[in-house]
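Q: Sharing a structure, written as structure tokens. Questions coming.
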Amino acid sequence: MESTMPLSILIGIFSGFLGSLMGSGGGIFIVPFLTLLGNVPIHKTIPASLIAVIATSISGGSSYIKQGITNIKLAFLLEVSTTLGALTGSVIALFISSWSLFIIFSILLFYISISTFRTRGLEEKQIKDEDIKIDKLSRFFNIKSEYYDNASRKKVKYTVLGVDKGLAISFLAGVGSGLLGIGGGAVKVGAMNLFMKVPIKVAVGTSQFMLGATASTSAMLYLFVGLMDLHLVAPLAIGTIVGTSIGSRIMNRFRSRTIKLMIVVFLTYLAYAMLAKGLLLGFGVKLPTIT
């Protein structure tokens, strides 16, 4: 495992940087990069990735709170269902083969990539109260807030809608965390932005704040059953903290469209690579290689 330490640190830095831009914690990049570049068994990369996600949440989450981007009330609301999902996913993962995990992971990546691309042109704007149709559950929680967008140089006000959809998808995000070691952040960001009408930067900051609790639930189960490789965890966590510290400081300077397009390119490539490996291991089908 010593030979993979430098690679693990580099993967951690790169994944932490990208993860902090999309609120995913980097786990969505760590798992495929370790399995594809480092040839580390996927059942070892998942628990290691969860620890890196926890480190990311501590580092990046505090930065977004200081910038006034994170919606803490929304984070606590969604974390309840996410944690339940994380525990469910961790149990399921113990009984699933490696090739099926590769394919499941690729499907999730493709979904996130397509959803992100479809909303690439939507600009964050001030939402007028008279244009909002608030459902009963959203009216009950009444979550409204604002933040200062450095890219557009103005305050962005918003009202959280679709709380019922947000809770349901957060549960699925938690399942993805426990099952795939990704922290569930990428799914939560998409859910908050697409269904709850939360600005993408607020979704990123809020997701980053939530990641630690979500990943901790799954990580404890993996530690209990003896699947945690500390030699892999340490360099990943160090690299991820460095990358996250950089990304969280510059995220608010980017336009939302730029952030989304950056992520689409990487997610699409990783999704294809993971699908190719899953089909090869499970069915002997070899797809064309992209280099």
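The values are calculated or read from the model by the stated rules, or taken from the named source; none is laboratory data. Keep in mind that this is a model prediction, so the values were computed, not measured. Cβ: placed from backbone, ideal geometry, glycine included. Neighbour counts: every protein chain shown.
Q: Going through 188, 197, 201 one at a time, which residue ends up being surrounded by fewer than 24 Cβ atoms within 10 Å (Cβ to Cβ) and either assigned to a strand (DSSP E or B) or basic (Lys, Arg) (or both)?
A: 197
Q: Within the stretch 246-263, track down each residue that is of a type outside the set (Lys, Arg), assigned to a helix (DSSP H, G or I), in contact (Cβ under 8 Å) with a residue 24 or more places away in the chain and more than 11 Å from residue 18 (Cα to Cα).
A: Within the stretch 246-263, 252, 256, 261 meet the criteria.
Q: Here is a further query. Which ones in the stretch 212-233 are closer than 20 Å to residue 91 by Cβ and in a helix (DSSP H, G or I)?
A: 213, 214, 215, 216, 217, 218, 219, 220, 221, 222, 223, 224 - these are the residues of the stretch 212-233 that are closer than 20 Å to residue 91 by Cβ and in a helix (DSSP H, G or I).
Q: I'm trying to understand the selection: among the residues of the stretch 252-281, which are of a type in the set (Ser, Thr, Tyr), in contact with a helix residue (DSSP H, G or I) (Cβ under 6 Å, 6 or more places away or on another chain) and under 17 Å from residue 31 (Cβ atoms)?
A: Of everything in the stretch 252-281, just one residue is of a type in the set (Ser, Thr, Tyr), in contact with a helix residue (DSSP H, G or I) (Cβ under 6 Å, 6 or more places away or on another chain) and under 17 Å from residue 31 (Cβ atoms), namely 268.
Q: When the stretch 47-77 is examined, which residues are found to be under 19 Å from residue 141 (Cβ atoms) and in a helix (DSSP H, G or I)?
A: 72, 73, 74, 75, 76, 77
Q: Let me ask something else. Identify the single condition in (1) touching a Ser or Thr at 6+ places or on another chain (Cβ under 7 Å); (2) modelled with pLDDT of 85 or more; (3) closer than 24 Å to residue 114 by Cα that residue 254 does not satisfy, given that it satisfies every other one.
A: (1)
Q: Further question: Within the stretch 1-32, can you find the residues that are in a helix (DSSP H, G or I) and among the aliphatic types (A, V, I, L, M)?
A: 5, 7, 9, 10, 11, 13, 18, 21, 22, 28, 30, 31
Q: Output the number of the condition that residue 236 fails; it satisfies all remaining conditions of (1) over 26 Å from residue 102 (Cα atoms); (2) of a type in the set (A, V, I, L, M); (3) at pLDDT 90 or above.
A: All conditions pass for residue 236, except number (1).
Q: Taking the residues in the stretch 257-278 that are small (Gly, Ala, Ser) and over 16 Å from the mean Cα position of the chain (by Cα) as candidates, determine which candidate is modelled with the lowest pLDDT.
A: My answer is 273.
Q: Does residue 100 satisfy the criteria of being assigned to a helix (DSSP H, G or I), of a type in the set (S, T, N, Q), at pLDDT 85 or above and loosely packed, with under 15 Cβ neighbours inside 10 Å?
A: The answer is yes for residue 100.
Q: Looking at the stretch 230-261 only, could you name the residues that are buried (at least 19 other Cβ atoms within 10 Å of the Cβ) and polar (S, T, N, Q)?
A: Residues satisfying the conditions are 240, 244, 248, 252, 256.
Q: Let me confirm something: among 198, 233, 187, 202, which residue is within 13 Å of the chain's Cα centre (by Cα) and among the β-branched types (Val, Ile, Thr)?
A: Of the residues listed, the single one that is within 13 Å of the chain's Cα centre (by Cα) and among the β-branched types (Val, Ile, Thr) is 187.
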